[in-house]
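Let me begin by presenting the structure, written as structure tokens, before commenting on it.
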Amino acid sequence: YSLSDQTRRIVTSLDKDVTLSLLCTTGQEDSTINTLLSRYAGLSPRVTVKEVDPTSQPGFLKNYEVSKLYANSVLVECGDKYRFVNYTDIYVTNYSYSSTSYSGYDTTTSFNGEEALTGAIHYVTSDSLPKVYALNGHGETKLDSSYTDDMEKDNLETADLSLLTMDAVPEDASCVLIYAPTSDLSDTEAQKLISFVNAGGGIVLITDYMESAKFPNLLSLTQAMGLTVQDGIVIEGDQNMCLRGYQHYLLPKINSHEITDPLINGKYYALMPLAQGIVKTGSGTGTITALLTTSDSSYAKPAGLSIKSYDKEDGDTDGPFDVAVAVETGEGHFVWFASASMLSTQINSMVSGANEDLFLNSLSWMCKQTESISIRSKSLETSKLTVPSAQSSALSILMIGVIPALLIADGL
């Protein structure tokens, strides 16, 4: 039932009246949702909570556009604007393949009430919503639907963008997403994006492994921000900062920033597989902040994806390396993540969704929606615990070796 600081800031600063209507049959109210709604009402006199039984008031929903609604859904209203928060948006069930389950899949359920309700309140009280354009035409990877759904819940409108047919980035764009292009931009496109940032726009760049010689125009964009790429895959030499047995699956240090502070406060990890280092060129005029940084023991192997050994060898470049950075240049914003695999559903689940939070926080930051950053759902299942390699080894020795030996000795 606890509410985050973000929710408290949004609700206590309301200057419009908001009504939260719990739609359910009388006597069959979900007690958890009911209690949560009362917490919202307690934050501000602007929030009114009521219960509506559609079976006894069948005409209540006739003025609303609704297709499929479950019992214990919530209608959030402010003036003429409204949004339905469905029961399935509050209790979210995820399915994953399982070879051991009788049904062929496992299910996990989380309570997403706060994120859904706060997002709906922010939506109905906002006069306009930021728009995120996804660049295409260069073999970019398409975002998984779960990410676009969460962007919508964060009140971010989405659309595709082809700069080849436009004179400039659309005026209504708050941010442009460039997700793992497999071919280079044209020089004209790069210049349009640079002008967009200089005019106060925002860009989130997520790159897969790339050879710098094959992406000169894309790198001209990063160089305008004072950044370029380090050739080679980053390998982590500190076992506390990578997954056990996978030195190229980095668990970098998370540095303080508006984007990353919610992860630091929640003591989460970010997981960056097959990442490249991001290097400061000294040519940009903006303020560069490292978001994720590897250890002093890390190194880059110039062979890239063709490496044959993870051991440090002659010719490898010493770390540390930044693998995610944020740039502020005037009113413009630029964020670069040097690992496209970070948004893989499997990779994201290994750190309990923290990679997705990092991505969504970046969009919210550059769209100037910092009040909606990182309102996490609460798992109703057993959570995964991500343990660095060195700790895993030490715990294994302790549990499998030391403790049994002490028990045997005591028994003798």
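Coupling constants for the range 78-88 follow from the phi torsions by the Karplus curve (6.51 cos²θ - 1.76 cosθ + 1.60, θ = phi - 60°), and in residue order they are 8, x, 8, 9, 8, 8, 8, 9, 5, 4, 6 Hz; glycine and proline get x.
For the range 212-263, the fraction of C-alpha pairs farther apart than 13 angstrom is 69 percent.
Model label sites at residue 164 and residue 264, defined 7 Å from Cα along the beta-carbon direction, differ in position by 4.3 nm. Sorted into 10 angstrom bins from 0, the C-alpha pair distances of the range 1-160 split as 9, 34, 32, 18, 6, 0 percent.
Taking 63, 265, 86 as the candidate residues, the one with maximal mean-square fluctuation in a Gaussian network model of the chain, Cα springs under 10 Å, is 63. When the alpha carbon gyration tensor of the chain is reduced to an equivalent ellipsoid, its three semi-axes come out at 40, 32, 18 angstrom, largest first.
Per residue, the accessible area of the range 1-82 comes to 56 Å² when a 1.4 Å probe rolls over the protein heavy atoms. Legend: Rg and Dmax of the range 107-238, from Cα coordinates, 17.4, 50 Å. For the chain, the share of accessible area belonging to carbon and sulfur comes to 48 percent (1.4 Å probe, ligands and nucleic acids excluded).
Per residue, how much accessible area does the range 236-322 show when a 1.4 Å probe rolls over the protein heavy atoms, in square angstrom?
Details: 4370 Å² over 87 residues.
I get 50 Å² per residue for the range 236-322.
The gain in end-to-end length when the residue 66 to residue 136 segment is fully stretched comes to 21.9 nm, 0.36 nm per residue minus the alpha carbon separation.
Would you mind giving the average projected area, over all directions, of the Cα convex hull of the range 248-332 in nm² with one decimal? Kindly include the intermediate steps, with their values, before the conclusion.
Numbers: hull surface 26.9 nm².
Approximately 6.7 nm², given one-decimal rounding.
Over the chain, dividing the summed -39,500 (n - 2.57) contributions of all DSSP H runs of at least 4 residues by the number of residues returns a 222 nm mean residue ellipticity of -7500 deg cm²/dmol.
Past the 27 Å Cα-Cα mark, which pairs from 68/267; 142/368; 192/280; 50/153; 153/192? Could you put the intermediate results ahead of the total?
Numbers: 68/267 38 Å; 142/368 24 Å; 192/280 22 Å; 50/153 23 Å; 153/192 29 Å.
From the list (68/267; 142/368; 192/280; 50/153; 153/192), the Cα-Cα distance tops 27 Å for 68/267; 153/192.
Treating only the Cβ of Lys, Arg, Asp and Glu as charged (+1, +1, -1, -1), what charge dipole size does the chain show about its Cα centre? Round to the nearest 20 debye. Write out the running numbers ahead of the final one.
On the way: 26 positive and 50 negative charges, 138 e Å.
Computed about the Cα centre, the dipole is about 660 debye.
Each Lys or Arg adds one and each Asp or Glu subtracts one; over the other residues with Cβ under 11 Å from the Cβ of residue 71, this totals -3.
Within straight-line reach of residue 308, meaning a Cα separation under 28 Å, sit the following lysines at least 8 residues removed in sequence or on another chain: 214, 253.
Measuring nothing but how far apart in sequence close Cα pairs (under 8 Å, 6+ apart) lie, relative to its length, the range 171-294 scores a relative contact order of 26 percent. Relative contact order for the chain: 15 percent, from Cα pairs under 8 Å spaced at least 6 residues apart, divided by residue count.
Across the range 51-95, C-alpha contacts under 8 Å between residues 6 or more apart give a mean separation that, scaled by the residue count, equals a relative contact order of 26 percent.
The values are calculated or read from the model by the stated rules, or taken from the named source; none is laboratory data. Everything numeric in this text was worked out from a predicted model, so none of it was measured. Note that we place each Cβ from the backbone using ideal geometry, even for glycine, and neighbour counts take in every protein chain shown. The protein model used for the area step is the full one, side chains on, heavy atoms only, and it has no ligands, DNA or RNA in it. Shrake-Rupley method; radii C 1.70, N 1.55, O 1.52, S 1.80 Å.
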